[in-house]
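Okay, so here's the structure we're looking at.
Derivation of every value follows stated rules applied to the coordinates shown; laboratory data play no part. Worth saying up front: this structure is predicted, and the values here are computed from it rather than measured. As a convention, Cβ positions derive from the backbone with ideal geometry for all residues, glycine included, and neighbour counts pool all protein chains shown.
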Amino acid sequence: MTSEGADANTPRCSIGLPVYNGENYLEEAIQSVLDQSFQDFELIISDNASTDATPEICQAFAERDSRITYVRHPRNIGAAKNYNYVFHLARAQHFNWLAHDDILEPDFLSTCLSGFDAADRDTVLVYPAFRYIDEHGNQIDQEHPSCVHTAAGTPARRMYEVLEGLGIVTSIFGMFRRTELARTRLIGSYIASDYVLLAECALLGKIIRLDCAPQFMRRLHDEGSQRANRTPDEVAKWFDPDTVADARPARRVSREYLNAILLTPGQSAFGRLSAFAYLAVQRGRLKRRAKRARRMKA
């Protein structure tokens, strides 16, 4: 059974896996996709000109399973463009990103699909509970940060609630409704662009954190992008090798939130004004918190 307007050969789920020099964990990530209880998917792997064994690993899997599409770029185009590249190749009505060092539990796809089936039609993103693991796959017991969740009735309020819940945004690795994700600007080549993407999604619809057993394992290790890239310039180069670090990254992100309100389609004039008002309140609160923190350190 296919959805309305879908080709009989179109899978229901697309998983996009961007990778650069991922030989240490890549096989485990790919195998976790192949081991899903829900099997109607395609896996799109985009290799950012890796110099390790990544190409051989990907080619071996692609030769064994026709659902895998493997693309290798002739040069490193940066993480942001590579993440967006796998999305543009996706065909299914549902899409999720998977980092090369993370792992999906066997019921990840079926749990997210059930979440969409139970959710309102204006839901853009659903994601399950998760747990942290280390480089050896051992569970890390630590307090989870705030989690994004908003089922508010207005775009402005949803955006405000998303900004309130930002932390380590594992929600970005949840399952999106592809047609709605296509209306966003996707991942930008700047620090915290995943925050801005979530704000755009909230303007378009609801973001639901599913109440379920953990279905996703996020790996924390020294080779991961957050730890390996220590300076602003290293982070900027990770996003885009051809760019330089923003002199004032916080100002850049604030400007992108404004652009999100202005450029996200389907917003009424009143809705945009309300979103601007909520954003002003949020920015004021962040500034007050920063001032209090500075006074405490003085």
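Worth a mention:
- The distance linking the range 246-281 with the range 13-57 is 34 Å (Cα centroid to Cα centroid, whole angstrom).
- With the simple model of a label 7 Å out from the Cα in the direction of the Cβ, residue 270 to residue 213 spans 4.7 nm.
- Shown for 131, 72: other C-beta atoms within 10 Å of each C-beta, ranked fewest to most, produce the order 72, 131.
- The simple Förster model, with R0 at 51 Å and r as the Cβ-Cβ distance, assigns residue 140 and residue 277 a FRET efficiency of 0.80.
- Less than 5 angstrom separates the built amide H of residue 14 from those of 42, 92, 94, 95, 96, all sequence-distant by 5 or more or on a different chain.
- Relative contact order computed over the chain (Cα-Cα under 8 Å; 6+ residues apart), in percent: 20
- Farthest toward positive dipole pole in the chain [+1 Lys/Arg, -1 Asp/Glu at C-beta], among 189, 136, 103: 189
- Sequence-distant residues sharing a close amide H with residue 23 (under 5 Å, placed H): 53, 54
- Each Lys and Arg contributes +1 and each Asp and Glu -1, all at the Cβ; summed about the Cα centre of the range 13-297, the dipole is approximately 2340 debye.
- Sum of -39500 (n - 2.57) over DSSP H runs of 4+, divided by residues of the chain (222 nm, nearest 500): -12500 deg cm²/dmol
- The stretch between residue 255 and residue 51, if pulled fully straight at 0.36 nm per residue, gains 69.8 nm over its current Cα-Cα span.
- Stretching residue 110 away from residue 242 to a fully extended chain increases their span by 43.6 nm, per 0.36 nm per residue minus the current alpha-carbon distance.
- When 185, 248 are arranged by Cβ crowding within 10 Å, least crowded first, meaning fewest neighbours, the order is 248, 185.
- Principal axis box of the chain, alpha-carbon based, largest edge first, Å: 57, 46, 37
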